[in-house]
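Here's the structure we're looking at; comments come further down.
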Amino acid sequence: MPRIVLRLGEEFSRIEPVGDTALRAESGVTLSRLTSFAAARSLAGLEFAHGIPGTLGGAVSMNAGAYGGEMKDV
């Protein structure tokens with residue numbers, strides 16, 4: 001069975017604040033880095049994702065969730 005593996009490197013791993021109430025992140029950012037970035041800026045809503053392994057792109061594509069939260073809610 002043919003397969004493909006994508007690895008999103010540093011070129012797709014940027015996070016930046018957007019004003020005081022939002023952030024912009026690329027698909028290769030790990031969820032642990034994303035949640036830490038958000039928490040350091042007092043941005044709420046991603047707490048459920050801390051501890052979920054993987055990247056933002058993967059989490060969005062599969063609607064990752066834990067502890068009652070899901071990516072579709074963010």
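Assorted remarks:
- Members of segment 20-52 that are over 17 Å from residue 74 (Cα atoms) and either in a loop (DSSP other than H, G, I, E, B) or in contact (Cβ under 8 Å) with a residue 40 or more places away in the chain (or both): 28
- Taken over segment 1-33, residues that are closer than 12 Å to residue 54 by Cα, of a type in the set (Val, Ile, Thr) and modelled with pLDDT under 90 amount to 0.
- Among the residues here, residue 18 does not qualify as in contact with a helix residue (DSSP H, G or I) (Cβ under 7 Å, 6 or more places away or on another chain) and either surrounded by 12 or more Cβ atoms within 10 Å (Cβ to Cβ) or at negative phi (or both).
- Residues that are in contact (Cβ under 8 Å) with a residue 12 or more places away in the chain, exposed (fewer than 13 other Cβ atoms within 10 Å of the Cβ) and part of a loop (DSSP other than H, G, I, E, B) within segment 53-73 comprise 53, 67, 68, listed in sequence order.
The values are calculated or read from the model by the stated rules, or taken from the named source; none is laboratory data. All figures in this text were calculated on a predicted structure; none of them were measured in a lab. We place every Cβ from the backbone using ideal geometry, glycine too, and count neighbours over all the protein chains shown.
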